[in-house]
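Colleague: Next up is a structure, given as structure tokens.
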Amino acid sequence: MDFFATYLALAEIYVLLGLSTNLLVGIVGIFSVSQAAVFGVGAYITAFLLMHSSTPFPLAILVAAGLCILLNILVTLPSLRVSGDYFVVTSFGIQLLGTAVFTNWTKGTGGANGLPGVPAPIILGHEFIEPQEFLLLSSIGMGLGCLCFWLIMRAPFGGLLRAIREDELAVAALGKSVLRAKVSAAALAGAFAGSAGGLYATFLSFIDPSSFDLDASIFLLTMVVVGGARTLAGSVLGPFVLLALPQILALIDIPASFAAALRQLIYGLLLIVFMLFRPQGLLGERL
Amino acid sequence: MLWLNLLINGLIWGCALGMVAISFSLIFATTRFFHVAPAAVYSLGGYLAWSMMKRGAPEWVALLGAVVACGLVGAAIQKLLYERLDRRGATHLVVLIASLGLAAVMQNAIAGAYTSNVLQFGLPWANRTTSIGGALLTNTQMLTVCFGVLSYLGAMWFAHRTLLGKRIRAVASNPFLAEITRLEPRRVHIAVMAIGSAMVCIPGVLVPLDLGLQPFGGVPMLLTATIAVIAGGVGSISGAFLLALVIAVLQNLSLLVMPGEWSIGITFGIFIIFMLFRPRGLFTG
């Protein structure tokens, strides 16, 4: 039961990340491989606030989300101003820089050994330690995220974002600010990823750089691609399917070092196969 | 004299980086897609050469074999993956995701086959040093400089003096016009990917002679090279090579003031500065 609750809670956290990635990659059409780094920033900030100050858990998550918004605005502005293509470089840069900070800034992040002992979330005096209890929190987080995503997609802003993906020039010709819309989308994606990071850190109570590296970003992208880009259903389905994969691989008897490479290889293969034969994923729209 | 050593190291490292930059510049200017997969071809080249040497092949045969093999792999990637996507009218985003997937597959296949531990070539001659003007250079470093300069001159000669080079530049400047004048952009793209992949293999073999082989070493290298290409001006081979030298020197000189783990920050900082003040790069009109 614990095992299943853990799987569900993790999948729900990854749904938030999926929404974040989907918003950028699927809806606006900006390629990004830095989602995991932003996720990590959220996780480390939440961990820091809870371990070194008496900040209550909800406030810590809000601060993490806020700082991730700020971070995303700061880094996307210069490159998006020029061309969407150059954002590829920016996102690789942020990802590698993020990994460098998580690994080498030993004082703040515990370095490659990670940061153990992140306290469990406490809300109104109740401590959410057991996976079953935490499931409630992650479900609320996922629910809020999905609601937010759904509302944005219905709002004129959602229409604007989709229009930018189809024809940037036409949107600009209508007098809309393309840059502002793109940066707003990136900021929103930052909020999703940052709060997911906060939930992740407090759920596992241990974080290390390997959860937030380039491979993790590729994993997030695979999740969205397999589930289906551009739709809410796709972002929800993807994490539940892909997080089951390591469990299945664990049933096959292979050495641990080889298993990590095999898992990542499968994610890459899924990306290629879906792009070639089913760009809309399981429940999405055509990319 | 630490700074002088760092300067020399930077120039040598810049020659290796320059080869990756020229390769990326060639591919990006022609196909207009950000290919991430050459990062994996870079790693593949080193491992192929290593395997051939372990089976007793002489060093130059191993290098040549790896270069040819990488060229073929590049052509195959273009033919089997990118061209298929292109025929289905795939967007940039789709090609980019597929390219990232391919890089992940290749790198992890290498990691699975050779483990992700650092492998050393263990060649005694590679680390033998010669003193040139007071600076001690290893044979590997001298080879890197020779190959870097030769690659730059070769690429310039190829692009401006040969028929295929002119065809590539024609396709790069106007794919539509190239199509209707029967320059066959699809075949040109295959040639470009083959040449680019073969070139990226050279530093892929030379750099590990010094530092050892790692399956995932290609990504930071490709990112830095990409930044050199953008800062130098997309399409300019000289710009790409020059900026690769500059970035490598700055990375090395930055060691005077901060530890090496942060050099990615320097590289990325250069990119941001260019994005803010000269987004089209140095060498474009």
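Computed from the coordinates by the stated procedures, all read-outs in this text should not be read as laboratory data. A quick note: this is a predicted structure, and the numbers were derived from the prediction, not measured. Don't worry about glycine lacking a Cβ; one is built from the backbone with ideal geometry, like all the others, and counts go over all protein chains shown.
Colleague: Count, for each residue of B:268-276, the Cβ atoms from other chains sitting within 10 Å of its Cβ, then give me the mean as a whole number.
Modeller: The mean count of partner-chain Cβ atoms within 10 Å per residue comes to 5.
Colleague: Near residue B:166, which lysines are there with a Cα under 25 Å away, not counting those fewer than 8 places off in the same chain?
Modeller: B:79
Colleague: Ok, one more. If r is the Cβ-Cβ distance from residue A:133 to residue B:258 and R0 is 45 Å, what FRET efficiency results, to the nearest 0.05?
Modeller: The pair residue A:133/residue B:258 has a calculated efficiency of 0.50.
Colleague: Could I ask something else about it? Springs between alpha-carbon pairs under 10 angstrom, Gaussian network model over chain B: which of B:75, B:159, B:66 fluctuates most?
Modeller: B:159
Colleague: If you check each cysteine of the protein assembly as shown for another cysteine whose beta-carbon is under 4.7 Å away, which ones come up empty?
Modeller: A:68, A:146, A:148, B:15, B:146
Colleague: Run the reach check for residue A:182 against aspartates and glutamates, Cα to Cα strictly under 16 Å, same-chain hits fewer than 8 apart removed. What comes back?
Modeller: Filter leaves A:85, A:166, A:167, A:168.
Colleague: Compute the helix-to-body angle for B:185-211: its Cα long axis versus the longest principal axis of chain B, expressed 0 to 90° and rounded to tens.
Modeller: Relative to chain B, helix B:185-211 is tipped by roughly 10 degrees.
Colleague: For chain A, what relative contact order do you get, as a whole percent, if you take Cα pairs closer than 8 Å and at least 6 residues apart?
Modeller: 34
Colleague: What is the angle, in °, between the Cα long axis of helix B:139-161 and the longest principal axis of the Cα atoms in chain B? Nearest 10 is fine, range 0 to 90.
Modeller: 20
Colleague: In addition: Return one number: the angle in degrees, 0 to 90 and rounded to the nearest 10, between the long axis of the Cα atoms of helix B:263-277 and the longest principal axis of the Cα atoms of chain B.
Modeller: Approximately 40 degrees, to the nearest 10.
Colleague: In addition: Let me know the Kirkwood hydrodynamic radius for chain B, please, with Cα pairs as the basis and the value in Å to one decimal.
Modeller: 19.3
Colleague: Modelling each spin label as a point 7 Å along the Cα-to-Cβ direction, I'd like the residue B:273/residue A:54 distance in nm, to one decimal.
Modeller: It is 4.6 nm.
Colleague: Can you give me the Cα centroid spacing of the range B:229-256 and the range A:101-131 in angstrom?
Modeller: 39
Colleague: In Å and from the alpha-carbon atoms only, list the Rg and Dmax of the range A:2-213.
Modeller: Taking only Cα atoms of the range A:2-213, I get Rg and Dmax of 17.5, 55 Å.
Colleague: Okay, next question. Which helices of chain A meet both criteria: a Cα extent of 30 Å or more along the helical axis and a mean Kyte-Doolittle score no lower than 0.0, with helices taken as whole DSSP H segments?
Modeller: Membrane-span-like by this rule: A:57-82, A:131-154, A:178-204, A:232-251, A:256-277.
Colleague: Gap in Å between the Cα centre of the range B:197-222 and the Cα centre of the range A:169-218?
Modeller: After rounding, the separation between the Cα centres reads 31 Å.
Colleague: With point charges of +1 on the Cβ of Lys and Arg and -1 on the Cβ of Asp and Glu, referenced to the Cα centre of chain A, which listed residue (A:23, A:258, A:82) lies farthest in the positive direction of the dipole?
Modeller: A:82
Colleague: Over the whole of A:251-264, what's the average partner chain Cβ count within 10 Å per residue? Rounded to a whole number, please.
Modeller: The per-residue average across the peptide is 3.
Colleague: Still on this structure: When a/c is below 1.5 the answer is rounded, else prolate if a/b is larger than b/c, else oblate, so apply that to the range B:1-77 with a ≥ b ≥ c taken from the square roots of the Cα gyration tensor eigenvalues.
Modeller: oblate
Colleague: Where is the GNM fluctuation largest for chain A (alpha-carbon springs, 10 angstrom cutoff): A:32, A:235, A:20?
Modeller: Comparing A:32, A:235, A:20 in a Gaussian network model of chain A, the most mobile one is A:32.
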